[in-house]
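**Student:** Structure incoming, see below.
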Amino acid sequence: GGGAFGAFVAEDLLKAGHQVTVVDADREVIDELRERLPGSELVLGDACEPPVLERSGILKADIVVAATSDDEDNLVIALLAKKEFAVPRIVGRVNDPRNSWLYTDAWGIDHALTAADTFIPIVEQEVESAPHHPPVGG
């Protein structure tokens with residue numbers, strides 16, 4: 001997916017010198033990414049469809065990041081990438097933390113990314129390091 005999250009990941013990977021291909025079903029998203037991600041390959045289509053993944057060059061991929069805003073799509077993309085196309089590493093974006101239990105090797109996921117996993121440790125650290133104030137009131 002080439003939405004905000006997927007575009008950020010792609011941009012970061014490009015800056016690090018990696019070859020990046022972004023697949024998105026929305027023509028407007030692809031058009032916007034042409035300016036934002038120069039040097040990347042952009043493929044218009046549904047990444048849940050094997051012919052679209054083949055057109056994207058998945059057979060040469062070292063890693064697939066399933067980064068749509070839909071958990072079901074990310075799981076389908078991951079499973080296809082791992083089982084059908086033998087991509088060695090799969091990272092899946094978890095949108096709804098209640099779905100985290102699905103993001104396992106059984107679905108082809110090597111590493112799951114959740115916003116909660118990222119933010120909770122930071123919040124806990126901030127809470128622990130914040131000065132403690134006495135209770136207000138009586």
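The values are calculated or read from the model by the stated rules, or taken from the named source; none is laboratory data. As the structure is a prediction and not an experimental result, all values here were calculated from the model. Note that each Cβ is placed from the backbone with ideal geometry, even for glycine, and that neighbours are counted across all protein chains shown. SASA here: full protein model, heavy atoms, side chains in, ligands and nucleic acids out. Shrake-Rupley method; radii C 1.70, N 1.55, O 1.52, S 1.80 Å.
**Student:** Check off (1) over 18 Å from A4 (Cβ atoms); (2) surrounded by 13 or more Cβ atoms within 10 Å (Cβ to Cβ); (3) not acidic (D, E) for K83 and give me the number that stays unchecked.
**Tutor:** (2)
**Student:** Something else: Out of everything in region 10-36 that is modelled with pLDDT of 95 or more and among the aliphatic types (A, V, I, L, M), what residue ends up being farthest from L75 (Cα to Cα)?
**Tutor:** The extreme case among them is L33.
**Student:** May I ask you to say which residue of T21, T114 is open to solvent by less than 50 Å² (accessible area, probe 1.4 Å) and β-branched (V, I, T)?
**Tutor:** Working: T21 fails: open to solvent by less than 50 Å² (accessible area, probe 1.4 Å).
Testing whether each residue is open to solvent by less than 50 Å² (accessible area, probe 1.4 Å) and β-branched (V, I, T) leaves just T114.
**Student:** Yes or no: I90 assigned to a loop (DSSP other than H, G, I, E, B), surrounded by 19 or more Cβ atoms within 10 Å (Cβ to Cβ) and either modelled with pLDDT of 95 or more or of a type in the set (V, I, T) (or both)? Can you show your working first?
**Tutor:** Working: assigned to a loop (DSSP other than H, G, I, E, B): no; surrounded by 19 or more Cβ atoms within 10 Å (Cβ to Cβ): yes; either modelled with pLDDT of 95 or more or of a type in the set (V, I, T) (or both): yes.
No.
**Student:** Could you count how many residues in region 107-127 are modelled with pLDDT under 90 and in a helix (DSSP H, G or I)?
**Tutor:** Initially, region 107-127 is screened for residues modelled with pLDDT under 90, giving 113-127.
Right, trim to in a helix (DSSP H, G or I) and you get 115-127.
Total meeting the criteria: 13.
The rows are residues; the columns are (1) outside any loop (DSSP other than H, G, I, E, B); (2) among the charged types (D, E, K, R); (3) in contact with a Ser or Thr (Cβ under 6 Å, 6 or more places away or on another chain).
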site: G17; (1), (2), (3): no, no, no
site: V23; (1), (2), (3): yes, no, yes
site: V29; (1), (2), (3): yes, no, no
site: G39; (1), (2), (3): no, no, no
site: A47; (1), (2), (3): no, no, no
site: V65; (1), (2), (3): yes, no, no
site: T68; (1), (2), (3): no, no, no
site: L75; (1), (2), (3): yes, no, no
site: A78; (1), (2), (3): yes, no, no
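**Student:** In region 57-72, what residues are of a type in the set (D, E), open to solvent by 30 Å² or more (accessible area, probe 1.4 Å) and closer than 19 Å to D105 by Cβ? Talk me through it step by step, then tell me what you get.
**Tutor:** Narrowing region 57-72 to residues of a type in the set (D, E): 62, 70-72.
From what is left, the residues that are open to solvent by 30 Å² or more (accessible area, probe 1.4 Å) are 62, 70, 72.
Hits for region 57-72 are D62, E72.
**Student:** Considering only region 29-47, how many residues are open to solvent by 30 Å² or more (accessible area, probe 1.4 Å) and either touching a residue at least 40 places away in the same chain (Cβ under 8 Å) or touching a helix residue (DSSP H, G or I) at 6+ places or on another chain (Cβ under 7 Å) (or both)?
**Tutor:** Summing the residues that are open to solvent by 30 Å² or more (accessible area, probe 1.4 Å) and either touching a residue at least 40 places away in the same chain (Cβ under 8 Å) or touching a helix residue (DSSP H, G or I) at 6+ places or on another chain (Cβ under 7 Å) (or both) in region 29-47 gives 5.
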